1. Output the residues belonging to the range 33-62 that are of a type in the set (A, V, I, L, M) and either outside the structural domain of Val8 (by TED's automatic domain parsing) or crowded, with 18+ Cβ neighbours inside 10 Å (or both).
2. Can you name the condition, by its number, that Pro37 falls short on among (1) within 11 Å of the ligand (Cβ to nearest atom); (2) within 25 Å of Gln185 (Cβ to Cβ); (3) touching a helix residue (DSSP H, G or I) at 6+ places or on another chain (Cβ under 8 Å)?
3. Return the residues of the range 14-32 that are within 12 Å of the ligand (Cβ to nearest atom), buried (at least 21 other Cβ atoms within 10 Å of the Cβ) and either closer than 16 Å to Leu365 by Cβ or among the β-branched types (Val, Ile, Thr) (or both); say none if nothing qualifies.
4. Report the residue count in the range 198-226 for those that are surrounded by 13 or more Cβ atoms within 10 Å (Cβ to Cβ) and touching a strand residue (DSSP E or B) at 6+ places or on another chain (Cβ under 8 Å).
5. Which ones in the range 78-103 are farther than 17 Å from Phe369 by Cβ, buried (at least 24 other Cβ atoms within 10 Å of the Cβ) and within 10 Å of the ligand (Cβ to nearest atom)?
6. Quick one: which residue in Gly308, Gly273 is touching an Asp or Glu at 6+ places or on another chain (Cβ under 6 Å) and modelled with pLDDT of 95 or more?
7. Which of the residues belonging to the range 292-324 are under 24 Å from Val184 (Cβ atoms), of a type in the set (A, V, I, L, M) and surrounded by fewer than 18 Cβ atoms within 10 Å (Cβ to Cβ)?
8. Does Val96 qualify as being more than 21 Å from the chain's Cα centre (by Cα) and either assigned to a helix (DSSP H, G or I) or within 21 Å of Arg80 (Cα to Cα) (or both)?
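The values are calculated or read from the model by the stated rules, or taken from the named source; none is laboratory data. Keep in mind that this is a model prediction, so the values were computed, not measured. Backbone-built Cβ (ideal geometry, glycine too); neighbour counts: all protein chains shown.
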Amino acid sequence: MTVDAVAVGAGQRGFFVYGAWALRHPHRLRFVAVADPDPNRRDRFADAHGIGPSRRFADPNDLFSRGRLAVAAVVASDDRSHVPVTVSALEAGYEVLTEKPAAPDLDGLVTLVRAARRASGHLHVAHVLRFTPFFLTLHRVVTSGMIGDVVTVEHRENVASWHMAHSFVRGNWSRAGEATPLIVQKACHDFDILTWNVPSPVTALSSMGSLFEFRPDRAPPEATPRCTDGCPVGDCPYDARRIYLDTDDTGWPHHVLGDDLSPAGRLAALRSGPYGRCVYRAGSDVVDHQVVTMQTAAGTTIALHVHGHSAEEARTMRYDGTRGTLRGFFGRRHELEVTLHRTGSVRRFPVHAGTGGHGGGDDGLIAAFVESAADGRPGPTDLSEIVESHFLAYLAEEARISGATIDVSARRERLEGALR
Ligand SMILES: NC(=O)c1ccc[n+]([C@@H]2O[C@H](COP(=O)([O-])OP(=O)(O)OC[C@H]3O[C@@H](n4cnc5c(N)ncnc54)[C@H](O)[C@@H]3O)[C@@H](O)[C@H]2O)c1
């Protein structure tokens with residue numbers, strides 16, 4: 001059965017991930033309307049999917065005021081628009097897949113959950129990691145009892161330095177007030193994985209972190225406002241000329257520069273657009289390193305590290321249990337092994353890389369959503385799990401700013417009251 005869908009947001013995720021999947025699987029997903037305020041992106045999407053002029057909308061409200069044009073709605077607009085757009089889609093009766101973070105803050109999350117409870121359709125959130133062969137295997141191993149009871153976890157989200165500079169210093173997510181803080185934007189996925197694998201509820205949480213590097217006072221004195229101004233700093237790892245011009249690659253992140261990806265087009269984008277700015281003076285205000293420590297009701301301790309100074313893009317993790325130690329690496333290579341305390345024997349788990357973006361997570365997520373939407377069923381991540389991953393991320397940011405250790409149990413009770 002082909003599921004008809006409307007798309008809200010036709011940028012990197014909307015066009016290159018969801019749109020591209022539908023074009024590769026025309027018998028499973030078909031987009032029949034699109035909303036995006038950017039006319040080029042709107043038309044690019046509509047042209048690719050054969051959507052006529054009457055189904056191209058600048059404002060998603062105009063799309064939803066038409067009633068239910070399809071079974072499903074995919075919300076891939078920017079972070080701050082997810083709540084109003086998703087609520088409208090739910091009220092119009094769609095099965096909704098919304099990008100993460102589902103809401104930028106707790107008030108938004110409460111609004112969203114209330115709308116989802118009232119709706120006939122279901123709310124799905126793009127927690128792509130859950131659909132990767134790697135994290136599915138990790139979950140299976142941790143919950144199988146092989147390492148015994150989990151005593152302590154270290155989970156690291158090591159964002160590569162060029163990715164940090166692209167997305168969180170020069171790009172869409174460089175200012176928390178316009179998008180969301182790094183710990184919400186990037187790590188709501190990691191909170192989701194941690195609470196999935198360690199189901200005992202978190203009872204206490206604290207956090208530290210700061211913007212260490214991408215500040216004007218860290219700029220080399222001779223650095224120019226743009227890399228393309230002839231910046232003489234030869235050893236800068238963030239030189240936009242090297243990152244965006246010294247390559248024939250026009251995939252992500254290069255295609256984010258603009259529509260003209262010829263060398264001349266990319267150079268013009270660096271000269272005038274956000275991605276050519278000196279990272280030290282780009283005005284970023286999101287942290288580039290943050291540590292969150294948590295304790296669960298069962299007594300397990302968890303340390304989550306998120307930072308943007310990694311030579312290599314990878315999530316790495318270590319779970320120490322009463323019977324064994326698990327170590328994992330999810331990046332260019334996927335590795336998962338358990339060493340048993342009693343025998344010292346090591347078992348390695350074969351994990352295939354998955355196809356497509358996010359280690360197979362994008363393809364897995366969309367396939368699961370389409371299947372659930374076709375039957376009007378909830379997705380694999382239920383509402384309470386969506387609430388928990390986002391709730392902990394907001395508390396982590398609050399704890400970082402206040403310096404306080406948060407009594408999560410008391411705050412959860414308050415949240416449950418607000419959701420009743
Ligand atoms: N699941 C993941 O792992 C993952 C990965 C990357 C990005 N994301 C999320 O996906 C979302 C989109 O990211 P992106 O990289 O595609 O950004 P993008 O800037 O490339 O695309 C966003 C698009 O939304 C449009 N838009 C803005 N406001 C809108 C509104 N009110 N209604 C309709 N369209 C609107 C913009 O014009 C733009 O075309 C973000 O929330 C981001 O956090 C999720």
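1. Ala33, Val34, Ala35, Ala46, Ile51
2. Going through the list (1) within 11 Å of the ligand (Cβ to nearest atom); (2) within 25 Å of Gln185 (Cβ to Cβ); (3) touching a helix residue (DSSP H, G or I) at 6+ places or on another chain (Cβ under 8 Å), Pro37 breaks only (3).
3. Gly14, Val17, Tyr18, Gly19
4. The total comes to 15.
5. Pro101
6. Answer to the check: Gly308.
7. Ala297, Ala303
8. Here the answer is no, as Val96 does not meet what is asked.
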